[in-house]
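Chemist: Could you have a look at this structure, given as structure tokens, before my questions?
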Amino acid sequence: MKLAIASGKGGTGKTTVAVSLALSLATREPAPLYLDCDVEEPNAALYLRPAIAMQQEVGLLIPVVDAAACTLCGRCADVCQYHAIAVIGDSVLVFPELCHGCGSCTRQCPAHAIHEELDPIGVLERGHAGSIEFAHGTLALGKAMAVPVIRQLKQWAIPRESAGRPVILDAPPGTSCPVVETMRGADAVLLVTEPTPFGLHDLRLAVQVARDELGLPVGVVVNRDGVGDAGVDDFCAAEAVPILERIPLDRAIAEGIAEGRTLVDIRPEVAGRLVALWDRMSAWVEDAR
């Protein structure tokens, strides 16, 4: 099963749950594959401490226009749905920050006046944390396109034949395009929230994206249980979204996480519950097939 672990907002404990789930499954065969897809701020490596063995640059193919061959017909601008290229007067302007590297302008140019050059936008790394295979991506400073880094991370790190292997996709916070790209291709989504008005607001958005838009089975983990109100419980009950685990509001847990320790190190009894959570979601996926 490929499980995306996401949250509607940052700071809910998403990576805390994802890392601890991977560690809980590490004694099984096959061992899990962990992908930190939060390429703008990857931090799972701080807790798993992987030994990095491979590195690969990632980039986008950006159009370059040959002014001498260009006829200024405007076809390139017409086919670009991202408005990354424009014909203004006797000039063709390319905006790399908007380009998604789809190549439409190059293929559609009747004068063959456009070629593409690689614009590096990040780095992919992979290795092992014990028996856990680990990979993450890092978006280069000043670059805005996280989605291509996430897409290429998944293509690079997830084997084509991954059936039966646990794959954990640690998504960025929020509900924007990088989150959707992380969820795309997953079998199910685990949403980590907190029982506060902000947590409820963003949980609603995350459920809408994962379940209603992408059609994926969704479960919830309530972190810092005991703070806030019953709004999250009421919403989950009304929407038939199961709450699969609760992590209490506990000073010892907060202090341990701040020290770089994992949840299963601080509270070893959680490991068995996380394995049971994984098995329950796996059964959902099998029943749906």
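The values are calculated or read from the model by the stated rules, or taken from the named source; none is laboratory data. Just so it is clear, the structure is predicted and the values come from calculations on it, not from any experiment. Ideal geometry is used to build each Cβ from the backbone, glycine not excepted, and the neighbour counts take in all protein chains shown.
Chemist: Output the helices (runs of 4 or more DSSP H) that fall wholly within segment 187-288 and possess 1 or more residues being of a type in the set (A, V, I, L, M) and touching a Pro at 6+ places or on another chain (Cβ under 7 Å), or say none.
Modeler: Because the criterion is at least 1 residues that are of a type in the set (A, V, I, L, M) and touching a Pro at 6+ places or on another chain (Cβ under 7 Å), the helices (runs of 4 or more DSSP H) in segment 187-288 that meet it are 231-239, 270-288.
Chemist: From the set of residues in segment 15-46 that are out of contact with any helix residue (DSSP H, G or I) (no Cβ under 6 Å at 6 or more places or on another chain) and of a type in the set (Val, Ile, Thr), which is farthest from Gly59 (Cα to Cα)?
Modeler: Across segment 15-46, the extreme among qualifying residues is Thr27.
Chemist: Moving to a separate point now. Is it the case that Arg211 is out of contact with any Ser or Thr (no Cβ under 8 Å at 6 or more places or on another chain), touching a residue at least 40 places away in the same chain (Cβ under 8 Å) and among the basic types (Lys, Arg)?
Modeler: Here the answer is no, as Arg211 does not meet what is asked.
Chemist: Among the residues that make up segment 197-211, is at least one of them under 20 Å from Leu25 (Cα atoms), of a type in the set (A, V, I, L, M, F, W, C) and surrounded by 15 or more Cβ atoms within 10 Å (Cβ to Cβ)?
Modeler: no
Chemist: Additional query: How many of the residues in segment 59-85 are among the small types (Gly, Ala, Ser), modelled with pLDDT of 95 or more and surrounded by 15 or more Cβ atoms within 10 Å (Cβ to Cβ)?
Modeler: Qualifying residue count for the region: 2.
Chemist: Only one of Arg246, Arg267 is modelled with pLDDT of 95 or more, basic (Lys, Arg), in contact with a helix residue (DSSP H, G or I) (Cβ under 9 Å, 6 or more places away or on another chain) and within 17 Å of Ser20 (Cα to Cα). Can you tell me which?
Modeler: Of the residues listed, the single one that is modelled with pLDDT of 95 or more, basic (Lys, Arg), in contact with a helix residue (DSSP H, G or I) (Cβ under 9 Å, 6 or more places away or on another chain) and within 17 Å of Ser20 (Cα to Cα) is Arg267.
Chemist: State which residue pairs qualify: first residue under 10 Å from Ala188 (Cβ atoms) and inside segment 267-289, second residue small (Gly, Ala, Ser) and outside any helix (DSSP H, G or I) in any location, beta carbons under 6 Å apart, and separation of 6 or more residues or different chains.
Modeler: Met281/Ala188; Met281/Gly219; Val285/Ala188
Chemist: One residue is enough: does segment 122-141 have a residue meeting the conditions small (Gly, Ala, Ser) and under 13 Å from the mean Cα position of the chain (by Cα)?
Modeler: Within segment 122-141, one or more residues are small (Gly, Ala, Ser) and under 13 Å from the mean Cα position of the chain (by Cα).
Chemist: Here is a follow-up. Yes or no: Ala77 farther than 23 Å from Thr182 by Cβ and not in a loop (DSSP other than H, G, I, E, B)?
Modeler: yes
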